[in-house]
Structure formats: structure tokens, C-alpha cells
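Working notes for the structure below.
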Amino acid sequence: MIGSKLTIAYNKIELILLTKIILILIITMGIETKYEYKYYTVVDTEQWRRGNEDIWGEEGFTWDVAIEFINYKFKTSRDKSVNNYRVDYAGYEHDIKNWIRIHERHKERPVFVQFQEDQPIKTMGEGSLFVLYEYDGVHYSSASDDEDGGYSPDNYGTIDGLAGAGGRL
């Protein structure tokens, strides 16, 4: 009788330890369950074009001006939760639902950001899609950084790594 109780207690302890080991392995081995968030907004640029010719200038509608306008709207919004958002890129998307599905397949979770109260939340259909990021005040390297000490024919071989080879192997 005592032996069977000890066996049961031993099995319970073994089960608890095995469960803890499995949890530790899952956590430390990095099984990916979280998504990267991809922020976006959809704006009716056709509505913006009419009556706002002064915003678009002589060239008319361009994506660059639209991006600047959206960034301005984020910076000056009374809703402080959107003040740090900036546009990463923009374009006309014919199938927003498919765009969302593609990003979900790549472990990115698209999240709609509404920066005007009357702006409809759009997760399907088509429209002018602006992909956003949250600006954290840090300037990350970009192609425009070349004049700040990147590759040039004059310093070829003086910078280690890929930059020293002009970005080529």
C-alpha cells in the first residue's frame, strides 16, 4: 500500500517536472507565436484631390505630396496616440484583404490606424493605402546617408566590410 502511494507521488512529481521542462524548452527555443505589427491606413485620395488643388501644387496629385500631407496630419493631430506615426510607403491597393492576408502569411499583423474621426476602417476592397511606422526619434541608415561617410571612390578599401566594397561583394 505504501509502495503504491509512493509510486503515485513519484509519477505526479515526474509529470510536474516534465511539464516545467517542456515549458522552458518552448520559451527558450523561441517558438514564434507573436506577429510583427504592420500599421496602415486607407484614405480616399479622390476626395482629397477635389477642392484641395492648393495642397497638390502645379504637379497635381503625387504620392510624395500625399505622404507629406499624411505625415503632417499625424504630427498635428490632437489625438496624441497618433503623433509619432509616419508613412513608410504608399500606393493604390486593388485588394486590401489580399494585402492583409499576404502580410499575415509573413508573420506581420496589419493594424488599421484611424487618424480622423470620420475615417472609415477599411479591411477589404480597394483604396489608397499608406503603410506606417512609429517614429521613435532615431534616424536609421538609408540611402541618403552616403554623403555622411559611406562609400565613395575616394575611400574604397578604407572601410571594413560590405560598405568598404561599395555595398558589393
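Being over 14 Å from the mean Cα position of the chain (by Cα), part of a loop (DSSP other than H, G, I, E, B), surrounded by 15 or more Cβ atoms within 10 Å (Cβ to Cβ) and at pLDDT below 90, is that true of even one residue in the range 158-165? Among the residues of the range 158-165, at least one is over 14 Å from the mean Cα position of the chain (by Cα), part of a loop (DSSP other than H, G, I, E, B), surrounded by 15 or more Cβ atoms within 10 Å (Cβ to Cβ) and at pLDDT below 90, which makes the answer yes. The single residue among Gln114, Gln119 that is touching a residue at least 40 places away in the same chain (Cβ under 8 Å) and farther than 16 Å from Lys38 by Cβ turns out to be Gln119.
Evaluation of Ile102 against the conditions (1) in contact with a strand residue (DSSP E or B) (Cβ under 6 Å, 6 or more places away or on another chain); (2) under 12 Å from Lys38 (Cα atoms); (3) β-branched (Val, Ile, Thr) shows that the sole unmet condition is (1). Which residue is surrounded by the most Cβ atoms within 10 Å (Cβ to Cβ), if the candidates are limited to the range 54-106 and must be over 16 Å from Tyr133 (Cβ atoms) and among the basic types (Lys, Arg)? Out of the qualifying residues, it is Lys97.
Against the numbered list (1) closer than 22 Å to Trp63 by Cβ; (2) modelled with pLDDT of 85 or more, Phe115 comes up short only at (2).
The values are calculated or read from the model by the stated rules, or taken from the named source; none is laboratory data. Small disclaimer: the values here were computed from a predicted structure and weren't measured. Note that we place each Cβ from the backbone using ideal geometry, even for glycine, and neighbour counts take in every protein chain shown.
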